Amino acid sequence: MLIINKHLENDYELLYLIDNNNEEALAFLMEKYDNLIYKTINKYKFPKNEFDDLFQEAKLVLFKAIKTFD
């Protein structure tokens, strides 16, 4: 498994690695967008239980988008 260089990898390089079954690249790309997802949901001030559900749903959407990217 390759070590992901956090400073040099762009999304397209990560997607290439993911397409070649690199789980580390998938985990890195998923984590990369956690803050954006958090900030986007948080600006609407949902209750904690709804926030958690929306966060998980957004992560699933991101995962599906990554896996189906051509």
Selection from segment 21-42 of residues open to solvent by less than 60 Å² (accessible area, probe 1.4 Å) and under 14 Å from residue 11 (Cα atoms) yields 22, 24, 25, 26, 27, 28, 29, 30
Filter pass, residue 39 being over 26 Å from residue 16 (Cα atoms), part of a helix (DSSP H, G or I) and either modelled with pLDDT of 95 or more or in contact with an Asp or Glu (Cβ under 7 Å, 6 or more places away or on another chain) (or both): yes
Filter result (surrounded by 12 or more Cβ atoms within 10 Å (Cβ to Cβ) and modelled with pLDDT under 95) within segment 43-58: 46
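The values are calculated or read from the model by the stated rules, or taken from the named source; none is laboratory data. All values reported here derive from a predicted model rather than from experimental measurement. Here Cβ is always computed from backbone atoms with ideal geometry, including for glycine, and neighbour counts include all displayed protein chains. Accessible surface areas use protein heavy atoms only, side chains included; no ligands, DNA or RNA. Shrake-Rupley method; radii C 1.70, N 1.55, O 1.52, S 1.80 Å.
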